[in-house]
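The structure under discussion appears below in the form of structure tokens.
The values are calculated or read from the model by the stated rules, or taken from the named source; none is laboratory data. Computed from a predicted structure; not experimentally measured. Cβ placement follows ideal geometry from the backbone for every residue including glycine, while neighbour counts extend to all protein chains displayed. Side chains included, ligands, DNA and RNA excluded: accessible areas come from the protein's heavy atoms. Shrake-Rupley method; radii C 1.70, N 1.55, O 1.52, S 1.80 Å.
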Amino acid sequence: MSYPATIKTALALLETTGIARYKYAPPLHRLLWTVGIPVPPPHLASVPFNCLFFGIWFGIAWGIFIWYFLLSPAGAPIMFAVSMAFLMGGAFGYGVALYYRHAATKYDFSL
């Protein structure tokens with residue numbers, strides 16, 4: 001895999017901490033790095049960035065899943081599905097952002 005140089009440096013730093021690779025380089029991040037998008041590793045990103053990044057991806061995936069399997073067959077309005085996806089994405093993103101901030105503090109990564 002050919003990641004951008006700044007990402008390679010950050011991954012080398014994170015590798016020395018003993019954190020599992022799937023935690024400091026999640027699959028979505030590795031996919032973006034492979035195509036050349038330099039998204040910072042989650043431990044080194046800010047809380048707002050992690051909240052938006054993880055919240056948007058989860059909200060879209062959860063919204064599509066819940067619409068096709070639960071809400072559409074029940075005849076629920078589309079705006080209900082959109083608002084629930086927005087709320088769930090925000091809650092998930094905030095939780096993941098706090099988790100990564102706690103882990104970054106634990107391993108002494110200061111922004």
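Taking T105 as the residue in question, decide whether it is of a type in the set (V, I, T), within 23 Å of Y3 (Cα to Cα) and modelled with pLDDT under 95.
So T105 does not fit the description; no.
Just need a number here: residues in the stretch 42-78 that are among the aromatic types (F, W, Y) and within 10 Å of the chain's Cα centre (by Cα).
First pass over the stretch 42-78, keeping only residues among the aromatic types (F, W, Y): 49, 53-54, 57-58, 62, 65, 67-69.
Those still in the list that are within 10 Å of the chain's Cα centre (by Cα) too: 49, 53-54, 57-58.
So the count comes out to 5.
With respect to G63, is the statement that it is more than 16 Å from A97 (Cα to Cα), outside any loop (DSSP other than H, G, I, E, B), in contact (Cβ under 8 Å) with a residue 12 or more places away in the chain and small (G, A, S) true? Before the answer, list the steps.
Values: more than 16 Å from A97 (Cα to Cα): yes; outside any loop (DSSP other than H, G, I, E, B): yes; in contact (Cβ under 8 Å) with a residue 12 or more places away in the chain: yes; small (G, A, S): yes.
Considered against the rule, which asks whether it is more than 16 Å from A97 (Cα to Cα), outside any loop (DSSP other than H, G, I, E, B), in contact (Cβ under 8 Å) with a residue 12 or more places away in the chain and small (G, A, S), G63 comes out as yes.
Could you look through the stretch 91-111, keep only residues that are within 16 Å of the chain's Cα centre (by Cα) and of a type in the set (A, V, I, L, M), and pick out the one that is most open to solvent (accessible area, probe 1.4 Å)?
Initial filter on the stretch 91-111 (within 16 Å of the chain's Cα centre (by Cα)): 91-104.
Imposing the further condition that a residue be of a type in the set (A, V, I, L, M) reduces the set to 91, 96-98, 103-104.
Working: A91: 65, V96: 24, A97: 0, L98: 80, A103: 9, A104: 0 Å².
Among residues in the stretch 91-111 that are within 16 Å of the chain's Cα centre (by Cα) and of a type in the set (A, V, I, L, M), the one most open to solvent (accessible area, probe 1.4 Å) is L98.
Only one of M84, M79, M88 is surrounded by fewer than 16 Cβ atoms within 10 Å (Cβ to Cβ), on the phi < 0 side of the Ramachandran plot, without any contact (Cβ under 8 Å) to a residue 60 or more places away in the chain and part of a helix (DSSP H, G or I); which? Spell out the reasoning first.
Details: M84 fails: surrounded by fewer than 16 Cβ atoms within 10 Å (Cβ to Cβ); M88 fails: surrounded by fewer than 16 Cβ atoms within 10 Å (Cβ to Cβ).
Checking each option against the conditions leaves just M79.
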